[in-house]
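Only one structure is covered here, and it is reproduced in the block below.
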Amino acid sequence: MSAMELRILATPREQQALLDLPWDMPLEEWPEWYLVALPRGISRHVVRFTRLGGRIYALKEVVQSYADREYRLLRDLERLNVPAVKAVGVVSGRQAPDGESLDPILVTRHLQFSLPYRALFARMMRRDTVDRLIDALVVLIARLHLLGFYWGDCSLSNTLFRRDAGAFAAYLVDAETGELHDRLSDGQRLHDLEVARVNIAGEMMDLAAAGYLDETVDPIATSDQVVERYRTLWAELTEWEAFDVNDRWRIARRVERLNELGFDVAELDIVTDIGGRTVRVQPKVVDAGHHSRRLLRLTGIDAQENQARRLLNDLDAYAAETDQQGEDEEIVANAWVLDCFEPVLRTIPPEFRGKLESPEIYHEVLEHRWYLSERSGYDVGLPEAAQDYVDTVLRHKPDELAILGGTTENPEDPEATQPFRVPWDELR
Ligand SMILES: Nc1ncnc2c1ncn2[C@@H]1O[C@H](COP(=O)(O)OP(=O)(O)O)[C@@H](O)[C@H]1O
Ligand SMILES: [Mg+2]
């Protein structure tokens with residue numbers, strides 16, 4: 001029998017509080033005083049809410065492989081900045097007093113002010129409210145697809161809604177069937193959408209049967225609407241658009257529309273036809289924070305957007321120098337971490353490591369290398385530049401970690417002040 005294991009990403013205080021829960025009982029049998037009655041969607045698994053130290057958590061009892069998988073995907077989505085519930089941990093190795101083993105429990109933070117669709121529909125839903133709900137969900141799906149996330153079980157039950165200045169914002173709650181790819185093919189996207197359409201049609205028909213829909217709301221038309229709206233949005237996000245050169249303002253309009261939808265435009269492909277009368281543009285749309293997410297996905301390094309852009313440029317340069325441009329991105333990234341990133345960080349004496357976050361240090365070493373190379377008239381190597389940087393620059397900098405109080409003690413947001421943790425011990 002395995003020992004109980006708590007894998008919890010939380011402040012020590014939260015961990016302590018979680019330890020007090022009756023993990024040796026099936027979740028279904030937990031006494032009421034541990035639980036908070038809050039609305040929740042329809043689920044296959046037993047899901048309950050509990051309140052600990054002013055915070056509410058959702059607990060889901062689920063087999064090990066699913067718990068691990070969902071935990072990992074939710075963590076990925078969090079790093080990718082996708083609106084989704086936050087995973088706190090997995091409690092496994094649970095055992096009843098009679099020795100019978102119990103399924104693990106996935107712990108997530110309850111999403112404050114979130115409403116399952118059933119709670120929203122508890123009063124009769126009007127047509128325009130349904131439309132806004134669907135729009136929010138469609139934006140969420142498109143955002144996931146841009147990031148290469150295949151949901152696999154999109155439904156109203158697996159989405160939470162928050163009110164958002166008269167509209168709604170949709171959050172992913174159930175990632176169990178998700179898959180994170182580099183990018184999705186059209187087939188994958190359309191399949192994901194078809195699953196959503198079928199699920200939503202069923203859910204809307206249930207609501208209609210229970211008398212929660214205004215008669216102007218047709219369940220089938222509503223689920224079809226998901227597909228139509230998605231297609232329109234996807235075209236807006238990705239398609240070429242042609243117009244007369246005199247209508248250049250339309251470029252700005254398109255960018256504005258995208259910004260309003262919550263997307264950033266990383267670059268615009270602009271082609272002018274031979275006659276010079278027509279301009280065609282295609283935006284490269286990204287979710288805000290594109291570079292930091294790409295870097296994180298490839299290397300596990302959590303950096304700010306500009307740092308990430310810098311590090312990715314260095315990665316590209318490395319790929320070119322080592323003649324690996326045709327190689328698989330992830331393989332090159334891994335080699336870059338081993339050949340470039342980690343060796344530089346290893347040069348930093350432990351007592352200086354709190355001075356700056358590691359991506360910032362790496363960025364500064366790159367700058368320093370450039371400066372040294374220019375001054376000396378030859379290409380100074382990375383190790384030499386790193387050593388010189390430590391001796392002449394870093395040594396004289398204040399300790400920023402101490403100034404920012406970079407600990408996990410802030411109970412409000414334990415992750416907020418925490419810089420990227422280099423696994424120093426593994427590096428040596
Ligand atoms: N972190 C959370 N915050 C708010 N509600 C949640 C959270 N986790 C789960 N729920 C509620 O529980 C329901 C079921 O959770 P879900 O993960 O979809 O379980 P299942 O895998 O059994 O379908 C959701 O529809 C949602 O209403
Ligand atoms: Mg679900």
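Scanning region 38-65 for residues that are under 23 Å from the mean Cα position of the chain (by Cα), more than 8 Å from ligand 1 (Cβ to nearest atom) and among the hydroxyl-bearing types (Ser, Thr, Tyr) gives a single hit, SER65. Residues of region 152-188 that are away from ligand 1 (no atom under 12 Å from the Cβ) and buried (at least 19 other Cβ atoms within 10 Å of the Cβ): PHE168, ALA170, LEU184.
The listed residues are LEU140, LEU74, and the only one of them that is within 16 Å of ligand 1 (Cβ to nearest atom), assigned by TED's automatic domain parsing to the domain that holds VAL46, of a type outside the set (Gly, Ala, Ser) and surrounded by 15 or more Cβ atoms within 10 Å (Cβ to Cβ) turns out to be LEU74. Between ARG162, ARG229, the distinction of being touching a strand residue (DSSP E or B) at 6+ places or on another chain (Cβ under 8 Å), closer than 13 Å to LEU140 by Cβ and assigned by TED's automatic domain parsing to the domain that holds ALA119 belongs to ARG162 only.
For region 138-148, the set of residues classified as within 16 Å of ligand 2 (Cβ to nearest atom) and touching a helix residue (DSSP H, G or I) at 6+ places or on another chain (Cβ under 7 Å) consists of ILE141 only.
Only residues that are within 14 Å of ligand 2 (Cβ to nearest atom), assigned to a loop (DSSP other than H, G, I, E, B) and at pLDDT 85 or above were counted in region 37-59, giving 3.
In region 150-178, the residue that is nearest to LEU106 (Cα to Cα) out of those that are modelled with pLDDT under 95, more than 15 Å from ligand 2 (Cβ to nearest atom) and of a type outside the set (Lys, Arg) is ALA169.
Restricting attention to region 355-389, the residues that are of a type in the set (A, V, I, L, M, F, W, C) and closer than 19 Å to ASN306 by Cα total 5. If you go through region 25-52 and keep only what is touching a Pro at 6+ places or on another chain (Cβ under 8 Å) and either outside the structural domain of GLU100 (by TED's automatic domain parsing) or surrounded by 13 or more Cβ atoms within 10 Å (Cβ to Cβ) (or both), you end up with TRP30, TYR34, PRO39, ARG40, GLY41, VAL46.
The values are calculated or read from the model by the stated rules, or taken from the named source; none is laboratory data. Since this is a predicted model, take the numbers as computed values, not measurements. Here the Cβ is made from the backbone with ideal geometry for all residues, glycine too, and neighbour counts use every protein chain on show.
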